[in-house]
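Notes follow once the structure below has been shown.
Every number in this text was worked out from the coordinates using simple rules, so none of it is lab data. What you see is a predicted model, and the numbers here were worked out from it, not measured in a lab. Cβ coordinates were reconstructed from backbone atoms using ideal geometry, including for glycine residues, and neighbour counts include every protein chain displayed.
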Amino acid sequence: MMQEDKRADGAATLPRLARALRDAAFVGLITAGLCFPMIALRAEADMTNHLVLLQRWEWLVGATMAMFAFRFASSMLNTKMARVLAALAIALLLYAAGHAYFAAFPSATTIAFGLIAGAIVLALAIAADRIDFGGAGPRAPIKLPQGTGTVVAIFALAAALAFPLVTNAWLGPQGSLKWINNYGIQILIFVMLGWGLNIVVGLAGLLDLGYVAFYAVGCYAYALLATKFGLSFWLCLPLAGILAAFWGILLGFPVLRLRGDYLAIVTLAFGEIINIVLTNWIDLTNGEAGIPSIPRVTFFGLPFTAGDDGFAARFGLEFSPIHRTIFLFYLILTLALITNFVTLRLRRLPVGRAWEALREDEIACRSLGINTTNTKLTAFALGAMFGGFAGAFFAVRQGFVNPNSFTFIESASILAIVVLGGMGSQIGVALAAAVMVGGTEALRELDFLKTLFGSQFDPSQYRMLIFGLAMVIMMIWKPRGLISTRTPSIFLKHRKAIAGDLVKEGHG
């Protein structure tokens, strides 16, 4: 019987493989025909201002191979998640190949990153093909063992802790600055902001389009307290959170009776009001010129300078800017972990269950005797407090702030992170922040696209278009976000068996 089953599986696999190759070849031919006049041949003006026809057959071959691979992977894989991962893996591999072939000075690090990342994502796609993520694949889903989320969180934390050290050891102090700053620190800032907004939007169900206002309050609170009163970062950090929470309560009171679109409009207006105040209150905020020369963070009193009283001299190290960058990375990582820990703990307390009840049905929430006023205000205050903490860190990291850093685009990006990740899901928000922020930075590295679209082409200018397409795709594919299910905040415990004699005594 086992041999017959294997023969049947093999007989079913061969026609499927043949169909996949046939479909992929058909798509490749169509791609070659469509791309021939647009990519293979390009007219450009030469030095004498005459049109010259350039032949770029390598671009045509690359586009044809890419579409062939995409179609073949789509035909062979069953689940939607596996197909998306396979497409990402192929894109990474093509990026490595394109950089190696077209770059004037190919970087071995970039090529290795593309190949390794592509291989890892391809392996994840093959593994995801055996797991049901909501698709209609014929294979039976595999149930993940209990505690998988905890294991994933531990591995993610270990990777985050090792990231700056491994990057510094691999690329050196100068080469690792960009990766730790633009990828590590920037992603963690938006992870923290996403987790803060997740309390308001994901748990309490209150649509907030002006969350960047609390980010700005925390940022300017530290900038003003540090420059005008000479207070240290460690003293200003809690003060910035308290001031942001105060403004969160001020916003919460006028909108207690508003829901849905009306609440979104008021919060949007609040964010714009804060930005206008910061721009026009020149005596306090210095307007568009911003606040310069903000004191930098110290290692508990030890400045990251080259002097004898600096961090490097005290610990016998050679002075390098990487020391401050690594310390900032671990500082924002600690703040983000505190945000996550507090959120998870509060979610299991009565206030957290009240948030979730408010999100599901406010009328039913009131009928249960829950004070919706206090519930909304606590959500606004706590979410704003974490936004204030992130703002204070942003100010001490940049050393300069102005109102242009706190526009509606920032609020929209934070809200998009929460929606894409899955409202109420901490892991989903972290993944969405890594994809959106990391993707924005990765667009700046695609220099080889200038060969195709011209030297003036800047891929980073199309990030909002890409994010918009991603939102549309997510609404069709996973309308509840990347991780739409999460562990319940409270469990019903099993009733313990009680002996008959105890029941007679009144204990049962």
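Please arrange VAL200, VAL429 by counting, for each residue, the other beta carbons lying within 10 Å of its beta carbon, fewest first. Can you show the working numbers first?
Working: VAL200 28, VAL429 32.
Going from sparsest to densest Cβ surroundings: VAL200, VAL429.
Using a Förster distance of 22 angstrom, determine the FRET efficiency expected from the C-beta separation of LEU161 and PHE341, and round it to 0.05.
That pair, LEU161 with PHE341, gives E of 0.90.
Using a 10 Å cut-off around each Cβ, can you sort MET47, MET423 from fewest to most neighbouring Cβ atoms?
On the way: MET47 6, MET423 22.
Lowest count first: MET47, MET423.
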Can you tell me the relative contact order of the stretch 161-484? Whole percent, Cα pairs under 8 Å, sequence separation 6 or more. 33
Loop-only check: which GluC sites (Glu not before Pro) in the stretch 261-361 are DSSP coil with at most 12 other Cβ within 10 angstrom? GLU318
In whole angstrom, note down how far apart the Cα centers of the stretch 394-448 and the stretch 216-263 are. 20
Once both labels are modelled 7 Å past Cα along the beta-carbon direction, what's the GLU362-ILE473 spacing in nm? 3.5
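Give the relative contact order (percent, whole number) for the stretch 398-439; include only Cα pairs under 8 Å separated by 6+ residues. Could the numbers behind the result be given before it?
On the way: 20 pairs, mean separation 10.4, N = 42.
Computed over the stretch 398-439, the figure is 25 percent.
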Over the stretch 153-241, what is the relative contact order in percent, taking alpha-carbon pairs closer than 8 angstrom and at least six residues apart? 15
Among TRP170, TRP477, rank each residue by its count of other Cβ atoms within 10 Å, from fewest to most, as a rough exposure measure. TRP170, TRP477
